[in-house]
Structures are given as structure tokens and as C-alpha cells.
1. Restricting the count to DSSP beta bridges whose residues both fall in the range 58-176, what percent are antiparallel, rounded to a multiple of 5?
2. Would you calculate the separation in nanometres between label points at ARG166 and LEU24, each defined as 7 Å from the Cα along the Cα-to-beta-carbon direction?
3. If I stretch the segment between ASP104 and GLU174 completely, what's the gain in nm (0.36 nm per residue apart, minus their alpha carbon distance), one decimal?
4. Rank-order 10-18, 119-127 by packing density, defined as the average count of other C-beta atoms within 10 Å over each peptide's residues, highest first.
5. Please give the contour-minus-distance gain from LEU141 to ILE59: 0.36 nm per residue of separation, less the Cα-Cα distance, rounded to one decimal in nm.
Amino acid sequence: MLVVGPLGVGKTTLIGTVSEIRPLATEAVMTQAGARVDSPAERSKTTTTVALDFGRITIDEDLVLYLFGTPGQPRFLPAWRDLARGALGALALVDTRDLAASFDAVGHLEDLGLPFAIAANVFPGSPDHSADELRSALDLLPDTPLVACDARDATSSVKALIALVRHLVHTTTETS
């Protein structure tokens, strides 16, 4: 499974929160050179994923998810093709403080034809949008799962992943 979204949305945090193994994180300090092209919603962010994050979670004895977190900067979108090869689906994290920052990630998933669910990561002080407002702003199809999530909370993050898995099972069942 891919975990995607814009810079600073919580992908590394979500993977670290749910992974039953010590997650592989390729975090590096953000540099002045990068500041010219990367603009995280959270201005206090000092590190960024430079390759990918990796974690694993066992849902039950028959289902183990391998989670691959992508870098959030738009310049890394082409690298998603390699990470998406063999992926069953993706969880797209969005930040309701800056929905426009998520448009590229959601559009890229659509271009890849990869089934996905949306998890609106709740940050302190985030605007409270209704599900209908979020669906409209993100131009989601009616069957695309949309859940609220706190990437720092294991239960909340697992619920978001379960929504994705249910969607994948439903989508697979329909096409069989």
C-alpha cells in the first residue's frame, strides 16, 4: 500500500504510528536550497522524506500490509510510478488547512489507475469541513472512501487503513 500526500501532511507519522516493526524512514533536514521549491503547510517542519518510508502492519493472520510512504514534494511525483508497481492501493492523506496542496497527489493516483481512499488528517486548528465539502473540493467519486484521521493516533490511523482495505475488497469483488 502506498501512503501519499503533499509535503508535511503526516505520511511518515502515520506509518510510524501503525507499524509493528521499526519503520524505515529516510528523513533528512530541509535545506535552504529546498526551501525555494518546497513549502510545507506546517512552517515549523524541519525534516522531509527524501526516498520513502516503509512499515508493516498485520491486520489479521491472513492479511499483512506493507506500507510505502512517498515523498510529498511535487517533483517526486514521477517516482510514484515505480513505487506504485505492484501496489494494491493507496491511502491519500490530505490537510484541510490546504486542500489545494493535495490536488496533485489525488490526480496522480487517478492517472495511475490505483484504487485509493482519502484520510483527512486532523491538525490542531484545522478547519472543520463536512464530508460533502471535502468530496466537492477534491472532486471525489461517490464510492471513494473518505475518513477523518489523526496520524498520531494508532486507532485512528488503523481505521483509515481499514477503510482502504474494505474499498479494495469491494472494488475487487465488483470486477470479478
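Please treat every number below as a calculation from the coordinates, not as lab data. Since we're looking at a predicted model, the values are computed, not measured. Here the Cβ is made from the backbone with ideal geometry for all residues, glycine too, and neighbour counts use every protein chain on show.
1. The antiparallel fraction comes to roughly 15 percent.
2. Label at ARG166, label at LEU24, 3.2 nm between them.
3. Numbers: separation 70, 0.36 × 70 = 25.20 nm, distance 2.75 nm.
So the extension gain works out to 22.4 nm.
4. Result, highest mean first: 10-18, 119-127.
5. Result for the pair: 26.9 nm of gain on full extension.
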